[in-house]
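Notes follow the structure.
Every number in this text was worked out from the coordinates using simple rules, so none of it is lab data. It should be emphasised that the depicted structure is a prediction, and the values quoted were computed from it without experimental measurement. All Cβ positions, glycine included, derive from the backbone under ideal geometry; neighbour counts span all protein chains shown.
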Amino acid sequence: MLDIKLIRDNPDIIRADLRKRKDEDKLQVLEDILADDAKWRESNIKADELKARRNTISKEIASIKKAGGDASKQLDQMKDINDEIQKLDEDTRYLKDSVDSKKMILPNILHESVPVGEDDQKNVELRKWGQPPEFDFDLKPHAELAEDLGIADFDRAGRVSGAGFNYLLGDLAYLDLAIINFAAEFMIGKGYTLVEPPFMLKRKPYEGVTDMGDFEDVMYKIEGEDLYLIATSEHPMAAMFQGEIMDEEKMPMKLVGFSPCFRKEIGAHGVDTKGLFRMHQFNKIEQFIFCKPEDSWKYHEELLANTEEMYQLLGIPYRVVNVCTGDIGNLAAKKYDIEAWFPRQDKYGEVASCSNCTDYQARRLGIRMGKVGGKEKTIPHTLNNTALATSRTMVAILENFQNEDGTITIPEVLRKYMGGKELIQ
RNA sequence: GCGGGGAUAGCUCAGCCUGGUAGGGCGCAGGAUUGCUAAUCCUGUGUUGGUAACAACUCGGGGGUUCGAAUCCCCCUCCCCGCGCCA
């Protein structure tokens with residue numbers, strides 16, 4: 001959410017940004033906000049004046065009654081004033097609600113380094129690491145490979161839970177845990193605090209942490225409860241300090257969350273639709289930082305470097321792209337995607353997404369920051385990046401490290417988490 | 001799930017019975033004083049509108065009664081204690 005003062009004082013900044021985002025529809029939302037905000041202030045001022053009169057008369061009544069006098073004239077006046085106030089308050093409230101809900105629709109202000117473009121085709125590649133491996137045999141789709149090895153059962157999962165779910169069996173389940181342990185240990189070593197958050201959130205904090213658009217189509221809801229299964233541990237970590245004033249002495253707060261992630265929308269894209277690439281449920285280790293505003297760009301690079309280092313240690317080729325204005329989403333001021341090499345698709349595919357949300361997410365959540373007991377308050381910045389999502393990391397491992405005989409070589413850094421095992425066979 | 005107790009500014013507590021428009025302490029900020037960054041004293045402290053003066057709002061949330069609600073009544077949420085259930 002943007003600061004209403006920025007919207008009032010510098011609407012041109014926002015207009016220019018919306019055009020860069022190709023989000024022309026929201027230009028009208030902005031105009032509506034400006035109009036309703038002006039009307040709200042007018043209505044609010046009128047109501048305030050009447051309330052001031054009401055307070056004066058009320059004090060008169062109190063002193064007259066105390067003196068044992070007759071206050072019937074004042075009581076009559078109060079009736080009329082109260083009627084008028086009630087009407088004005090209704091308008092004021094309506095206008096305020098309108099402004100508040102429309103403010104949630106406007107996206108964050110983009111950083112100047114974000115490339116302009118309408119979709120992911122215009123994302124700008126910043127660098128590549130590693131050589132895509134050459135194979136002198138036909139690659140198996142990762143799902144087929146896993147089924148042949150008896151380490152995944154998609155069909156039975158489909159029968160009991162539906163498409164988009166899976167049973168990981170034996171070494172693949174072990175590999176999943178190994179990836180989690182590797183990522184957790186790596187991040188803890190970097191000074192991040194491991195967090196296992198609630199896996200469900202109430203709606204209100206959920207609307208604060210992200211812009212879900214059509215909530216019902218994206219989130220799994222618990223029937224009969226005000227609870228939604230989380231789509232990533234970013235969400236409960238961001239919501240953790242909802243409505244609070246965070247201690248600036250404790251900044252930066254660096255967290256690494258572990259959780260399963262639940263997502264309704266998985267749709268089919270490209271080759272090898274069956275398998276682990278798009279799932280309704282997967283495990284993920286996620287980086288999250290609360291920091292002082294002046295430090296957030298530094299930490300944005302740190303979060304990116306952490307994920308890059310992990311993919312380098314795993315030996316999986318990847319590239320980093322600067323996500324363009326049309327593909328960046330509402331929350332981030334700037335976003336890098338880390339894309340791993342997927343040999344079967346013969347291209348790089350997203351495995352991590354590194355966002356600086358500046359003060360946008362924190363403002364939505366009502367999070368402020370200051371000295372304990374102090375008066376000065378600012379809004380902290382929030383940043384997030386995937387550390388490792390097990391599902392896509394496993395796909396990358398299965399594809400990049402498969403052998404002609406259908407076995408899979410386990411990346412060296414993961415072996416100590418799998419009892420020293422070197423090969424899945 | 002049942003019974004009891006709670007929710008008041010960053011923290012902590014008073015006010016509620018008996019309605020008259022929120023107060024103390026801590027913390028924080030500024031100032032005074034002292035040979036000092038200690039002690040003491042003074043002022044300020046949340047949100048919104050306003051250049052400001054100032055005004056309005058604010059006692060977990062929503063309704064109601066009343067000229068007037070932190071206070072009385074109803075509903076809801078969350079927390080604590082006990083009981084029940086339970087990995």
- What order do you get for A:129, A:341, A:40 when you list them from fewest to most C-beta neighbours inside 10 Å? A:129, A:40, A:341
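May I ask you to compute the full-extension gain from residue A:153 to residue A:195, defined as 0.36 nm times their residue separation minus their alpha-carbon distance, rounded to one decimal in nm?
Difference between extended and current length: 12.1 nm.
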- Query: Taking only C-alpha pairs under 8 Å that are 6+ residues apart, what is the relative contact order of chain A in percent?
  - Reply: 20
- Computed curve, the stretch A:120-424, Cα-only Debye sum without solvent term, log₁₀ I(q)/I(0) at 0.10 Å⁻¹, is -0.56
- Note on the structure: Most exposed first, judged by fewest Cβ atoms within 10 angstrom, A:394, A:253 run A:253, A:394
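So, R0 is 45 Å and r is the distance between the beta-carbons of residue A:65 and residue A:31; what FRET efficiency does that work out to, to 0.05?
Details: r = 51 Å, r/R0 = 1.13.
Once the sixth-power term is evaluated, E becomes 0.35.
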- Message: Taking the Cα centre as origin and putting +1 on Lys and Arg beta-carbons and -1 on Asp and Glu beta-carbons, what dipole magnitude results for chain A, to the nearest 20 debye?
- Response: 1700
- Message: Once you order the gyration tensor axes a ≥ b ≥ c over the Cα atoms, which shape class does the stretch A:319-425 get: rounded for a/c under 1.5, otherwise prolate or oblate by comparing a/b with b/c?
- Response: oblate
- Query: What is the set of long-range amide H partners of residue A:358 at a cut-off below 5 Å, with H atoms built 1.01 Å from backbone N?
  - Reply: A:333, A:382
- Note on the structure: Most exposed to least, judged by fewest other Cβ atoms within 10 Å, A:381, A:111 sort to A:111, A:381
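Assigning unit charges at the beta carbon (Lys, Arg +1; Asp, Glu -1) and nothing else, what dipole magnitude in debye, to the nearest 20, does the stretch A:73-149 show about its Cα centre? Can you show the working numbers first?
Working: 11 positive and 20 negative charges, 123 e Å.
Magnitude of the dipole: close to 600 debye.
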- Between residue A:41 and residue A:412, take the C-beta separation as r, use R0 = 51 Å, and let me know the FRET efficiency to the nearest 0.05. 0.20
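Once the other residues with Cβ under 10 Å from the Cβ of residue A:361 are scored (Lys, Arg +1; Asp, Glu -1), what is the net sum? Walk me through the numbers before you get to the answer.
On the way: positive: A:363, A:364; negative: A:211, A:234, A:359.
Surrounding charge for residue A:361 is -1.
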- In whole angstrom, note down how far apart the Cα centers of the stretch A:218-253 and the stretch A:4-24 are. 28
- Message: Limiting things to C-alpha atoms, what are the Rg and the maximum Cα-Cα separation (Dmax) for the stretch A:161-319, in angstroms?
- Response: 17.1, 49
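Considering all alpha-carbon pairs of the stretch A:4-103, what whole percent are spaced by more than 20 angstrom?
54
Assigning unit charges at the beta carbon (Lys, Arg +1; Asp, Glu -1) and nothing else, what dipole magnitude in debye, to the nearest 20, does the stretch A:4-103 show about its Cα centre?
380
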